Structure formats: structure tokens, C-alpha cells
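> Take this structure first; my questions come after.
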Amino acid sequence: MPRFLAIDTTTEVCSVALGNAKTCVTRQSTQANSHAKVVLQLIEEVLSEEGAQLNELDALALTIGPGSFTGIRIGLSVAQSLAYGAQLPIVCLTSLELLAAQCQLDNAHRAKPVIVCPALDARMGEIYWQLFELSQKGELKPLSPPSIGTPETFNKMSDDLSGDVLGVGHGWQVTDVERHDGFSVLPDLKPNAQGMLHIAQQRFENNELTSAFELEPLYLRNEITWQKRKRIRDN
């Protein structure tokens, strides 16, 4: 079975996992503003625990966004360097897919399908979100692209959802959505690289791979706009 090194630095949690969909070792850090310092240390720890060398693995897995601009850039830089040095392909997924995948692990073989809506606080009065369907067999299918909008836009979208709905991620902490029967929310669920391994294995087997040279971030928000808003906020 293939083995992967999974890396997520897109949110306030920096996490890595080494293994596959069946077994893995993980490390994470919640130390503020320290992803650049700790991510290589975490990677070294999981490789050491497994007695593995990077070039013995089959691929890297990386969340490319959305999330923190700085965190996304750190993850891309680390993954590009490691993949280039070890001649490994990269499996890409979004931070929203990662949150949904963690629900996939916990909610396999449900009695009926459920809509999963991961949401992350994008700051500056906006929210990142995406809709997925989680089938009875635990299969995850995207229903919408990754999106960004105001809490008001997000609330309107959420109010239109029906049936069993599971909202996950800290984006739900800044919303005011009326919840019908069958609508539950896990606002404290944070991304963890372990959840990437199942998707990584599927995409690796389907040859959905990216090279270090082709790696691109998913920001959703225009970086120039972000810089302008930051200057306004700092003045």
C-alpha cells in the first residue's frame, strides 16, 4: 500500500501525517505564528518514528488553501522543496476538503446521505465554505466549488439547505443560521493532516498528481485586496 507525507499549514493548526488510509503517525502544533519554525520539525519527527526516508514514500499530500496567506505559502514552499529533492509527486486538496474528509472518517456507513458544509473564518468579515454530499457508504462528493463571502451570504446559503446537514469548522462560530431538525454543527473541529490520507490514496491511484513545478495555491481572496485592507486596518 502506498505511503504519503501529508502537510497542512493553512489554518492556526500546523499538522503532518505519515502513512496511508489504514495506518499513520501524526504530529501537530497549535503554537501561534510558528508554522515556519515547526513544520520541518514535525516532519522530521514522523519520519524518525516510522524509520522512513522521504525518498521511500510514494507522494506528498498538501492542502493548497483556502486559509491563511502566510500558512498557504509556507506549506507550498516546504512541499515544493521536499518534492523536488526527493522526486515525489504531490496530491493536492483544499482545507475545506480536509474538514469534510474528517467527517467522512467519523460518519462512514450512515443510514442516509448527509450534506457536509465545512466553513472557515476568513477574517475581514468573510467566510470560506464548500458543500459536499457524504453518502451512506462514506463516499464524499463535492456539490459546490470552494467559495468566499460575507456571513450574510453564508447564512442565506445555509438557510436554503434541507435534510440532514452537518456544519464543521470555526467559520460556523461567526454565523447566525437557523437550524432545522437534522442540522448539526461541530464548530470546534479543526483540520488535521491525518484526514488527508484517504483522499490522497484515492487520487494517487487515479493518477491525480501534481509536480513541484506545477503546484499552485488556492487563495480565493485577491492578495492585493488583502494587503490594502491590512494597511487600512493598521492605520
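Every number in this text was worked out from the coordinates using simple rules, so none of it is lab data. Bear in mind the structure is a predicted one, so any value in this text is a computation, not a measurement. FYI the Cβ positions are ideal-geometry reconstructions off the backbone, even for glycines, and counts take in every protein chain you see.
> Go through 84-96, 20-32 and give me the packing order, highest mean Cβ count within 10 Å leading.
84-96, 20-32
> Another question about this same structure. Can you list residues whose amide H is under 5 Å from V116's amide H, if they're 5+ apart or on another chain and H is modeled 1.01 Å from N?
HN-HN under 5 Å from V116: F132, E133, L134, L166.
> Looking at the range 96-186 only, what percent of DSSP beta bridges run antiparallel? Nearest 5 please.
Antiparallel: roughly 60 percent of the beta bridges in the range 96-186.
> Where Lys and Arg each count +1 and Asp and Glu each count -1, what net charge lies around V174 among other residues with Cβ under 10 Å from its Cβ?
Spelling it out: positives minus negatives among the neighbours equals -2.
> Please identify the GluC sites (Glu not before Pro) of the range 50-151 that satisfy two criteria: DSSP loop assignment and at most 16 other Cβ atoms within 10 Å. Which are they?
Hits after loop and neighbour filter: E139.
> While we're here: For volume of the Cα convex hull per residue in Å³, the choices are [x] 136; [y] 155; [z] 123; which was calculated from the structure?
Computing volume of the Cα convex hull per residue in Å³ and matching it to [x] 136; [y] 155; [z] 123 gives [z].
> Let me ask something additional. Tell me the volume per residue, in Å³, of the convex hull enclosing the alpha carbons of the range 45-171.
Looking at the range 45-171, the number lands at 125 Å³ per residue.
> Next question. If you find the alpha carbon centre of the range 158-204 and of the range 50-120, how far apart are they in angstrom?
A separation of 16 Å, based on Cα centres.
> Can you list residues whose amide H is under 5 Å from F183's amide H, if they're 5+ apart or on another chain and H is modeled 1.01 Å from N?
V165
> Here's something else I'd like to know. For a quick check of your reading of the filter: which trypsin sites (Lys or Arg not before Pro) in the range 150-215 sit in a DSSP loop and have no more than 11 other Cβ atoms within 10 Å?
For trypsin sites (Lys or Arg not before Pro) across the range 150-215 that sit outside H, G, I, E and B with at most 11 neighbouring Cβ atoms in 10 Å, the list is empty.
> Let me know the volume per residue of the alpha-carbon convex hull for the range 96-186, in Å³.
Each residue corresponds to 79 Å³ of Cα convex hull volume.
> Over the chain, what is the percentage of antiparallel beta bridges among all DSSP beta bridges, to the nearest 5?
60
> In which sequence would E214, E45 go, from the one with the fewest C-beta neighbours within 10 Å to the one with the most?
Lowest to highest Cβ neighbour count: E214, E45.
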